[in-house]
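Scroll down for the structure; my scribbles are underneath it.
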Amino acid sequence: MKKCQITFQLNGITCEVLVNPNQTLVRMLRDDLGLTGTKYGCGEGDCGSCTVLLDGEPVNSCLMLAAQVDGHQITTIEGLADGDKLHPLQTSFIEKGAIQCGFCTPGMILSAKNLLEKQPNPSELEVRTAISGNLCRCTGYQKIVEAILATASPDCQCSSGDVKNCHEED
Amino acid sequence: MLLPKFDYNAPSDLEEACQIMANYGDQAKLLAGGTDLLIALQKKSIAPAQIVALDRIEDLEGGWGDEDGFFLGSRTTAAEIAESDYGPAGQALAQAASQIGSPLIRNLATIGGNLATAMPAADMAPPLLALQASIVLQKYGSRREVAISDFFVAPGEQVMSAEEIMSLIFIPELPAGSGGAFEKLGVRKALERSIISVAAVISLNDDGKTINQARIALGAVAPTPMLAVNAAAGLCGKKATAKNFTEAGKTAAQEAQPRGLRTSALYSRLMVETLTVRALNRAFDAASQ
């Protein structure tokens, strides 16, 4: 098994890594590079806890070989904060109580980041669709949806139950 | 979980990829989106000596059209297809792509992989059957075109030989006044393998009411995705009415060959009828626009 030399951008930093061809992306990030913010859950693309951004688009890193990221840009949850300053989505998740055990949170936030870049004012349905590949077994999703909508519209004071009225599509 | 050991090949063009496949044959597996392959590797249900990744081959990505129809590279992702405008008939394909897996899966999964894995429930198969697509297969020194209706053989099996690579999917141009739609039945909206799927494509005469051509394709109700030939033939020359659509739905339900694996055969047939009527109604609306 010949090792693969790969070069890619990881959270804005150029990385050169020698990987085994049978190493998955999530394993390289966690085991070789020590970035344990990306979680390993089901390993089959069902739970979304291993979500990373590949050239800005969210993907399951358990379903990619590490060798495939050669020449690409990867963003993990560690790449969102600016020093000690959290990303607005991270702050909103904390403020809205959208984090319980936290296992799904990195994936939720990365899927949400991609959504807000494409659609800065999403409807509730668009939020729920965007996170439909990310499973949460703690929160029942409501607070996660609220946290994402609140990031999109920081002035909105809506809470559970009002979300629909506040964010109906035009 | 550790994957079996293999060597990794990332050819930069199709000719190089064909050469590699000619050398290794069935010892090699093609890697397109990886959403099925990586799971098979993890489960150790396959253990190829070589993986041949197709993601550096630009010719396999994206779509383009000419007067004959539309070509799609086999590595075009479900997300790209879901966001594309293929016109009133081709929208059946975009609708199917938009319901595969999850946003995360759709960013990786490819049309070529969806067809090559040949699952009875593959969502992009019914619309492509209804659109009379053909598939271009290449190997070192030769290429052939296979009608999608001749492509699937059995669950997980299609006509590709070990050296062949799917390069393109061709969708022929349909006459003006054509429309298509896709319907999927699942117990949830995301990460769901279709219990039943139906695609319908119809072409109307100039009067905007009489059906000139129709094709209805069914997923997950037979060992392979299938055309409901009799249901479609029964619509030709008839008016697009609720009564005729219901009749077509009943015929499609008879043509389905459900084996009662994921739901009872009776329920499958009943839902084939319902979904066929819905798909025909929406295809008619699309054709009328």
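Bear in mind these aren't lab numbers, they're just calculated from the coordinates by the rules spelled out. Since the structure is predicted, the reported quantities are computational estimates derived from the model, not experimental observations. Methodologically, a virtual Cβ is constructed for each residue, glycine included, from the backbone with ideal geometry; neighbour enumeration extends over all protein chains shown.
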>> So, residue B:149, is that one more than 20 Å from residue B:286 (Cβ to Cβ) and either away from chain A (no Cβ under 14 Å) or part of a strand (DSSP E or B) (or both) or not?
In response: yes
> Restricting the search to the range A:120-131, which residues are assigned to a loop (DSSP other than H, G, I, E, B) and either crowded, with 21+ Cβ neighbours inside 10 Å or within 16 Å of the chain's Cα centre (by Cα) (or both)?
Replying inline: A:122, A:131
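For every residue, the table says whether it meets (1) in a loop (DSSP other than H, G, I, E, B); (2) under 22 Å from residue B:106 (Cβ atoms).
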{"site": "A:7", "(1), (2)": "no, no"}
{"site": "A:17", "(1), (2)": "no, no"}
{"site": "A:37", "(1), (2)": "yes, no"}
{"site": "A:93", "(1), (2)": "no, no"}
{"site": "A:110", "(1), (2)": "no, yes"}
{"site": "A:114", "(1), (2)": "no, yes"}
> If you go through the range A:35-46, how many residues are more than 7 Å from chain B (Cβ to nearest Cβ) and of a type outside the set (Val, Ile, Thr)?
Replying inline: 6
> Looking only at the range A:47-69, which residues are part of a loop (DSSP other than H, G, I, E, B), touching a residue at least 60 places away in the same chain (Cβ under 8 Å) and either facing another protein chain (nearest Cβ under 7 Å) or closer than 18 Å to residue A:102 by Cα (or both)?
Replying inline: A:47, A:48, A:49
>> Out of the residues in the range B:239-257 meeting the condition of being surrounded by 19 or more Cβ atoms within 10 Å (Cβ to Cβ) and without any contact (Cβ under 8 Å) to a residue 40 or more places away in the chain, tell me which one is farthest from residue B:224 (Cα to Cα).
In response: B:245
>> Tell me the residue from A:98, A:147, A:112 that is surrounded by 24 or more Cβ atoms within 10 Å (Cβ to Cβ), closer than 20 Å to residue A:49 by Cβ and without any contact (Cβ under 8 Å) to a residue 40 or more places away in the chain, please.
In response: A:112
>> Which of the numbered conditions does residue B:11 fail, given that it passes all the others? Conditions: (1) within 12 Å of chain A (Cβ to nearest Cβ); (2) more than 19 Å from the chain's Cα centre (by Cα).
In response: (1)
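Here's the yes/no breakdown for (1) touching a helix residue (DSSP H, G or I) at 6+ places or on another chain (Cβ under 6 Å); (2) surrounded by 23 or more Cβ atoms within 10 Å (Cβ to Cβ); (3) away from chain A (no Cβ under 14 Å):
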{"position": "B:22", "(1), (2), (3)": "no, no, yes"}
{"position": "B:42", "(1), (2), (3)": "no, no, no"}
{"position": "B:78", "(1), (2), (3)": "yes, yes, no"}
{"position": "B:83", "(1), (2), (3)": "no, no, no"}
> Are there any pairs, at least 6 apart or on different chains, whose C-beta atoms fall under 6 Å, with the first in the range A:119-144 and more than 9 Å from chain B (Cβ to nearest Cβ) and the second hydroxyl-bearing (Ser, Thr, Tyr), and if so, which?
Replying inline: A:142/A:160
>> Among the residues of the range A:58-75, are any more than 23 Å from residue B:51 (Cα to Cα) and crowded, with 20+ Cβ neighbours inside 10 Å?
In response: yes
> Considering the range B:101-118 alone, what residues qualify as being closer than 20 Å to residue B:149 by Cα and touching a residue at least 60 places away in the same chain (Cβ under 8 Å)?
Replying inline: B:110, B:112, B:113, B:116, B:117, B:118
>> I'd like the full set of residues that are more than 14 Å from residue B:165 (Cβ to Cβ) and assigned to a helix (DSSP H, G or I), limited to the range B:8-36.
In response: B:27
> Looking only at residues in the range B:24-40 that are in contact with a helix residue (DSSP H, G or I) (Cβ under 8 Å, 6 or more places away or on another chain) and more than 7 Å from chain A (Cβ to nearest Cβ), which one is farthest from residue B:73 (Cα to Cα)?
Replying inline: B:28
